[in-house]
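The values are calculated or read from the model by the stated rules, or taken from the named source; none is laboratory data. In this text, all values refer to a predicted model and were calculated from it rather than measured experimentally. Because the Cβ atoms are built from the backbone with ideal geometry, glycine has one as well, and the counts that use them run over all protein chains shown.
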Amino acid sequence: MSNTHIQTIDISALNTSRIPYALHSDSFYEADEQRKIFEGKTWVFCGLEIEIPKQGDYKTTWIGSTPVIVLRDLSNNIQVLVNRCSHKGSLICYKAKGTVDSLHCPYHNWIYDLQGNLKKVAFAAGVRGKGGIPQDFNYAEHSLRSLKVATFSGLIFASFAETMPDIREYLGLGVQKHIERTVGRKMKILGTYKQTMHNNWKLYMENTRDSYHASLLHVFFTTFRLNRLDMEGGMAISENGWNSISYTESVDQFDDSVYDGNRSLKADVSLADPSMVKQFKEFEDNIVSSITSVFPNFILQQIGNSLAVRQLIPKGVNESELVWTLLGTEDDTDEEHLARLKQSNLVGPAGLVSLEDGIIGSFIQRGIQHPQAEDKAVIRMGGDEVASVKSRVTETAVRGFWKAYSSCMQD
Ligand code: FES
Ligand SMILES: [Fe+2]
């Protein structure tokens, strides 16, 4: 697919209820998004503390299109370093994860400590008095770029910005409390996988905030009474409008008539093995399903007892990568562990939910190539505001995403 630039959108005049399709299909905006969003004043999610439990443990990942190393240094502090050698720019760590006591560039073997300080230049003094680096070479000027790091409830966020608000303030009180309630315990990793999304990264972040689609696209949810619009629930939006929680509460009685005339209820279908969706009571509140979406790239999932974090990584204008980490707790009984695994089957790329979200993203991407300037999405469900509401028949959180986007892109 080619992405010919057709227009320049005035981001300062962006109407969050009418988003030009070109923002998803025109590669013109990519570099700006990297500089102003992923390298701008945002906290970008890049992993979990339990992925790097011991000193020297590292993982490699991306902040937008910048490769980074997320590691636990020898003083037990978490560091996020740009994975780019100061010599010629080679990746330093090229494996997904590992354990090291220093960082060695594969090209000319420059060596850095785990804070990113350059410690050794191979053949710095030359050989037999010839060659080597000049006297005025200052090691301190050639450290790896080190990002600001914030951890919260075991989640690791990083930022390129010099000054950032505290992560709690950035998340907002409601989101902060909901994250703590969901994963602020001794968690363990049940599994990980990656999913290639054939759509612009912003379409997926919109999807995670789009409570309107959940029970319409995902017929499974409705049919097996996991998430329906006749259940109580709503959208909680952070103070600044950037972050959101879509939540569903359990009900005693279902009202199938809500879905009369819609295609999404298949009342005559039942599961051969109902244990696939059997949930155990985990939280004090009645929330049985919630999706928390933090700008720009973090998602926390609670679908029944299936808990997961998702990290979204843009891969060019037409593609993104979704990294899933499924979670349980250290205290889970064997039955609870099994229930989480069974329920997680519904969600991942081999299940139903993500398969459907994946294909719908690609349907949009295919539908919006080469738009005209006036071709825009309609994001008016529930009005035009960005505000918390006790309803999920709303696109308020999608508008919140665009509020954050336009705020960053104008900086
Ligand atoms: S590129 Fe890293 S040592 Fe040369
Ligand atoms: Fe979905």
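Observations, loosely collected:
- Residue within the stretch 345-357 that is away from ligand 1 (no atom under 16 Å from the Cβ) and touching an Asp or Glu at 6+ places or on another chain (Cβ under 8 Å) present: no
- Among the residues making up the stretch 31-60, those that are in the same structural domain as Leu71 (by TED's automatic domain parsing) and assigned to a helix (DSSP H, G or I) are Glu49, Ile50, Glu51.
- Every residue from the stretch 61-100 that is assigned to a loop (DSSP other than H, G, I, E, B) and in contact with a Pro (Cβ under 9 Å, 6 or more places away or on another chain): Gly64, Ser65, Asn83, Arg84, Cys85, Ser90, Leu91, Ile92, Cys93, Tyr94
- Filtering the stretch 167-223 to residues that are among the acidic types (Asp, Glu) and within 15 Å of ligand 2 (Cβ to nearest atom) leaves Glu206, Asp210.
- Pair list, Cβ under 6 Å, 6 or more apart: the stretch 202-216 residue in the same structural domain as Ser246 (by TED's automatic domain parsing) and within 18 Å of Leu346 (Cβ to Cβ), other residue surrounded by 23 or more Cβ atoms within 10 Å (Cβ to Cβ) and hydroxyl-bearing (Ser, Thr, Tyr): Thr208/Ser293; Ser211/Ser246; Ser215/Thr222
- Within the stretch 377-411, considering residues that are surrounded by fewer than 20 Cβ atoms within 10 Å (Cβ to Cβ) and among the basic types (Lys, Arg), the one nearest to Phe295 (Cα to Cα): Lys403
Quick grid of which residues meet (1) surrounded by fewer than 17 Cβ atoms within 10 Å (Cβ to Cβ); (2) within 16 Å of ligand 1 (Cβ to nearest atom); (3) at positive phi:
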| site | (1), (2), (3) |
| --- | --- |
| Thr60 | no, yes, no |
| Gly64 | no, no, yes |
| His87 | yes, yes, no |
| His104 | yes, yes, no |
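- Residue ID - nearest to ligand 2 (Cβ to nearest atom), chosen from residues in the stretch 340-367 that are among the basic types (Lys, Arg) and surrounded by fewer than 20 Cβ atoms within 10 Å (Cβ to Cβ): Arg366
- Reported count of residues in the stretch 234-264, each being at pLDDT below 75 and in a loop (DSSP other than H, G, I, E, B), is 10.
- When we screen His370, His337 for residues that are surrounded by fewer than 18 Cβ atoms within 10 Å (Cβ to Cβ), assigned to a loop (DSSP other than H, G, I, E, B) and not small (Gly, Ala, Ser), the only hit is His370.
- Test for Lys186: is it surrounded by fewer than 21 Cβ atoms within 10 Å (Cβ to Cβ) and out of contact with any strand residue (DSSP E or B) (no Cβ under 9 Å at 6 or more places or on another chain): no
- Apart from one condition, Met276 fits all of (1) more than 30 Å from Gln34 (Cβ to Cβ); (2) in a loop (DSSP other than H, G, I, E, B); (3) not charged (D, E, K, R); the exception is (2).
- Of residues in the stretch 304-334 being in a loop (DSSP other than H, G, I, E, B) and small (Gly, Ala, Ser), the one nearest to Thr196 (Cα to Cα): Gly316
- Condition check for Asn76: at positive phi, within 16 Å of ligand 1 (Cβ to nearest atom) and of a type outside the set (Gly, Ala, Ser): no
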